[in-house]
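Visitor: One structure is given below, represented as structure tokens, and several questions about it will come after.
Please treat every number below as a calculation from the coordinates, not as lab data. No experiment lies behind these values; they were computed from the predicted model shown. Methodologically, a virtual Cβ is constructed for each residue, glycine included, from the backbone with ideal geometry; neighbour enumeration extends over all protein chains shown.
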Amino acid sequence: MIAFLELLIGGFGVLTLVYIALSLYSRSVRRGKLMAEWDAVGSGDRDVFVQQGLEEYDGSLRRKLILGVYVVPILLMGMIIYLVNFY
Amino acid sequence: MVYVKWVFILLFWGFVGSVLHYTLPQHDIVRVSDTYGKRVDPGANSWFWAQADAGTDVTMGSRDVFFIQTRRAGDDVMVYRNEDTGWGWPPYFKFDTANLQAEASDLRSTAADPQWAMLTHYGWRNEFFSIYPNAIAIRAVDGPDVTIIPWVNIIILTLLAAFFWAIWSRWRRFKRNRINPVLADMSEGLEAAGDSLAEKRGRFGRWLNGR
């Protein structure tokens with residue numbers, strides 16, 4: 001039981017670090033793309049354009065897909081448990 | 001100095017390679033000759049033994065461990081231990097140790113009338129440290145020369161390579177765009193480097209100031 005809790009808590013900690021890092025990275029990539037887009041065809045204030053684009057991104061499905069960082073390892077673990085023990 | 005660099009590179013890749021070789025599943029074609037249980041007190045070699053069965057008292061020093069004695073297709077002898085990996089490392093999540101022992105016992109055969117089986121395992125056998133590979137699964141096969149394609153290893157190694165290549169290429173890009181320019185400025189003078197840093201920090205600074 002203790003081993004299971006260790007795995008659960010340790011795994012949650014590591015995955016949270018991955019989630020935060022990936023979120024920040026993905027946001028910075030999006031910011032870079034928005035800047036490039038404004039440079040190519042933009043008009044008006046550059047900062048406002050980028051800010052609006054990022055707010056749009058915050059509500060998008062793409063952003064929520066990063067939650068897969070938690071979902072995929074759990075599914076993988078379930079699959080391994082099934083294949084090793086019951087298949 | 002060139003040699004020192006190469007020693008570190010070799011040590012690094014040797015370590016990565018041996019961790020993978022120890023941890024990834026491998027398939028042996030074996031003929032099970034017998035199975036037994038033996039009391040074990042892991043000492044200096046305890047890294048290479050798993051813990052007590054999931055759910056049982058893990059604080060006891062010694063415990064009984066299942067073993068599977070086999071003769072491999074190449075005619076050499078191999079003894080496997082059969083232990084739960086439970087929720088620990090390596091992540092096989094193996095809990096069916098007793099069932100596996102029952103299956104292995106069921107496949108026992110003699111040299112005169114061999115019943116071949118494919119045994120999946122991880123780990124190493126080393127006589128000097130008394131360590132044994134851990135059996136994961138066993139199933140009967142037709143003969144000693146069946147072809148096995150290690151799909152799991154192919155998938156895992158491909159994904160690992162893709163993952164580290166992705167990180168490595170991003171790191172190189174980051175270094176080229178953000179670190180090298182600053183280093184180049186530094187060689188032109190500390191004042192110039194300061195200016196460049198101030199410019200690069202502009203966005204972060206604005207964020208700090210509440211924009």
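Visitor: Could you give log10 I(q)/I(0) at q = 0.17, 0.22, 0.28 Å⁻¹ for the stretch A:9-76, computed by the Debye formula over C-alpha point scatterers of equal weight, without solvent?
Guide: Each listed q corresponds, in turn, to -0.67, -0.91, -1.19.
Visitor: If you line up the long axis of helix B:2-23 against the longest principal axis of chain B, both from Cα atoms, how many degrees apart are they, to the nearest 10?
Guide: 40
Visitor: Take the alpha carbon atoms of the stretch B:37-100, find their center, do the same for the stretch A:1-60, and report the distance between the two centers in whole angstrom.
Guide: If we compute the Cα centre of each part, the gap is 44 Å.
Visitor: Around B:Val65, which amide H atoms from residues at least 5 apart in sequence, or from another chain, sit under 5 Å from its own amide H, with H modelled in the peptide plane?
Guide: The answer is B:Lys38, B:Arg39, B:Val40.
Visitor: For chain B, evaluate the Debye formula with one uniform point scatterer on each Cα (no solvent term) and list log10 I(q)/I(0) at q = 0.10, 0.13, 0.15, 0.16 Å⁻¹, rounded to two decimals.
Guide: -0.64, -0.85, -1.03, -1.13
Visitor: Among the lysines, which have Cα under 26 Å from the Cα of A:Lys33 when same-chain residues fewer than 8 positions away are ignored?
Guide: Partners found: A:Lys64, B:Lys175, B:Lys200.
Visitor: With +1 assigned to the C-beta of every Lys and Arg and -1 to the C-beta of every Asp and Glu, and no other charges, what is the dipole magnitude of the protein assembly as shown about the Cα centre in debye, to the nearest 20?
Guide: The dipole magnitude comes to about 1160 debye.
Visitor: Using DSSP to call loops (not H, G, I, E or B), can you name the chymotrypsin sites (Phe, Trp or Tyr not before Pro) in the stretch A:1-58 whose Cβ has at most 15 other Cβ atoms within 10 angstrom?
Guide: Details: sites: A:Phe4, A:Phe12, A:Tyr19, A:Tyr25, A:Trp38, A:Phe49, A:Tyr57; in loops: none.
Hits after loop and neighbour filter: nothing returned.
Visitor: With a cut-off of at most 15 other beta carbons within 10 Å, and DSSP calling the residue loop, which chymotrypsin sites (Phe, Trp or Tyr not before Pro) in the stretch B:67-138 qualify? Please list them.
Guide: Here the chymotrypsin sites (Phe, Trp or Tyr not before Pro) that fit, given the DSSP loop and packing criteria, are B:Trp124, B:Phe128, B:Phe129.
Visitor: Place +1 on the Cβ of every Lys and Arg and -1 on the Cβ of every Asp and Glu in the protein assembly as shown, take the dipole about the Cα centre, and give the residue among A:Phe12, B:Phe48, B:Trp87 whose Cα lies farthest towards its positive end.
Guide: Final value for the positive-end residue is A:Phe12.
Visitor: Taking square-rooted eigenvalues a ≥ b ≥ c of the alpha carbon gyration tensor, is the stretch B:70-112 rounded, prolate or oblate, where a/c under 1.5 means rounded and, failing that, a/b exceeding b/c means prolate?
Guide: oblate
Visitor: With the convex hull built on the Cα atoms of the protein assembly as shown, state its orientation-averaged projected area in nm².
Guide: Result: 24.4 nm².
Visitor: Add -39500 (n - 2.57) for each DSSP H run of 4 or more in the protein assembly as shown, then divide by its residues: what number comes out at 222 nm, to the nearest 500 deg cm²/dmol? Intermediate results must be reported in sequence, preceding the final value.
Guide: On the way: 10 runs with 160 residues, N = 298.
Only helices count here, giving -18000 deg cm²/dmol.
Visitor: Another question, if that's okay. Let me check I've understood the local charge: for B:Ala112, count other residues with C-beta under 14 angstrom from its C-beta, Lys and Arg +1, Asp and Glu -1. What total comes out?
Guide: Neighbour charge sum, excluding B:Ala112 itself: +2.
Visitor: Listing A:Tyr82, A:Tyr87 from the residue with the fewest other Cβ atoms within 10 Å to the one with the most, what is the order?
Guide: Details: A:Tyr82 11, A:Tyr87 8.
In increasing order of surrounding Cβ atoms, one gets A:Tyr87, A:Tyr82.
Visitor: Would you mind calculating the relative contact order of chain A from Cα pairs under 8 angstrom and at least 6 residues apart, reporting the percent as a whole number?
Guide: 36
Visitor: Same structure again: Partner chain Cβ atoms within 10 Å, averaged over the residues of B:110-120 - can you pull that number for me? Walk me through the numbers on the way to the answer.
Guide: Working: counts 0, 0, 0, 0, 0, 0, 0, 0, 0, 0, 1.
Mean partner shielding for this stretch: 0.
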